[in-house]
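The values are calculated or read from the model by the stated rules, or taken from the named source; none is laboratory data. Please read these numbers as outputs of a predicted model, since none were measured by experiment. Here the Cβ positions follow ideal geometry from the backbone for every residue, glycine too, while neighbour counts run over all protein chains shown. With ligands, DNA and RNA removed, areas are computed over all heavy atoms of the protein, side chains included. Shrake-Rupley method; radii C 1.70, N 1.55, O 1.52, S 1.80 Å.
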Amino acid sequence: MEHSALIVIDMINTYDHADAHLLVPSAREAVPRIARLIGEARSHEVPVIYVNDNFGEWRSHHGEILETALAGPHADLVEPVRPTGDSLFVIKARHSIFYETPLSYLLSQLNADHVILCGQVTEQCVLYSALDAHIRHLRVTVPKDAVAHIHPDLADAALQLMERNMGVAVRSAASIEF
């Protein structure tokens, strides 16, 4: 996977939103797998890129977002996947990791033509990001057990759409080798 990048979507989160009570149980299941993927990618020198919502705080930078999440009631979901000081970090404001962000440019600078998408929310940001990656002719892998969902039925449908309509490799996190 010399031309791959692991992208961690929206995991730096306070879980302070209307549907968080539906998301948190799924995130609890996904976090250990996401943490393993991050560790494996780092140990094989595969770029790890955090792409995270700014939660409407336009003055926020990734350090402030991380500090706020770690001070919140669900810090246990953030700590295992926290970025290191040299982590790559892109702020987004909408669902897709590509929408008006410098991510396409960053991936081109890294010569990455394959993205592994993990994080949350399967039926929202992961789905829209997979579509935008597909449109950009990137190969896409989604570890189905390293993405968290709000609605299980919609998450299953989203994974099927990604696989069938976009050619996304949907597989288990354990099967991904860097």
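What the phi angles of the stretch 29-44 give under the Karplus curve with 6.51, -1.76 and 1.60, with θ = phi - 60°, is a coupling list of 6, 7, 3, x, 6, 5, 4, 5, 4, 4, x, 5, 4, 4, 5, 9 Hz, glycine and proline written as x. Rolling a 1.4 Å probe over the protein heavy atoms of the stretch 137-178, with every protein chain left in place, gives an accessible area that is 48 percent carbon and sulfur. What separates the Cα centres of the stretch 75-100 and the stretch 12-51 is a distance of 9 Å. Here the 3J(HN,Hα) profile of the stretch 131-143, calculated from phi with Karplus coefficients 6.51, -1.76 and 1.60 at θ = phi - 60°, is 4, 5, 5, 4, 4, 8, 6, 8, 6, 10, 10, 10, x Hz, Gly and Pro shown as x. Surface composition of the stretch 2-97: carbon plus sulfur atoms contribute 52% of the solvent-accessible area (1.4 Å probe, protein chains only, all chains present). Proximity of backbone amide H atoms, modeled 1.01 Å from N, is registered between residue 90 and 50, 51, 52 at under 5 Å, excluding neighbours fewer than 5 places apart on the same chain. When the trypsin sites (Lys or Arg not before Pro) in the stretch 1-84 are filtered for DSSP coil states and for at most 15 other beta-carbon atoms within 10 Å of their beta-carbon, the remaining sites are 59. Ordered by 1.4 Å accessible area with all protein chains kept, 98, 178 run largest first as 178, 98.
Loop sites by DSSP among the GluC sites (Glu not before Pro) of the chain, restricted to those with at most 14 other Cβ atoms within 10 angstrom, leave 101-176 as the longest stretch without any of them.
Here's how it looks for residue 178: its modeled amide H is under 5 Å from none belonging to a residue 5 or more places away or on a different chain. In the context of the full protein assembly, residue 105 retains an accessible surface of approximately 150 Å², using a probe radius of 1.4 Å and ignoring ligands and nucleic acids. In the full protein assembly as shown, how much of residue 107 is accessible to a 1.4 Å probe, in Å² to the nearest 10? Approximately 0 Å² of residue 107 is accessible to the 1.4 Å probe. Residue-wise HN-Hα couplings along the stretch 85-96, as the Karplus relation 6.51 cos²θ - 1.76 cosθ + 1.60 with θ = phi - 60° gives them from phi, are x, 9, 5, 7, 9, 10, 8, 10, 10, 10, 5, 7 Hz; Gly and Pro carry x. Residues in the stretch 1-124 average 48 Å² of solvent-accessible surface per residue, probe 1.4 Å, ligands and nucleic acids excluded.
Around residue 79, what is the net charge, scoring Lys/Arg as +1 and Asp/Glu as -1 over all other residues with Cβ under 13 Å from its Cβ? Here the charged neighbours net out to 0.
Summarising the amide proton neighbourhood of residue 171: residues at separation of 5 or more, or on other chains, whose placed amide H is nearer than 5 Å comprise 142, 144.
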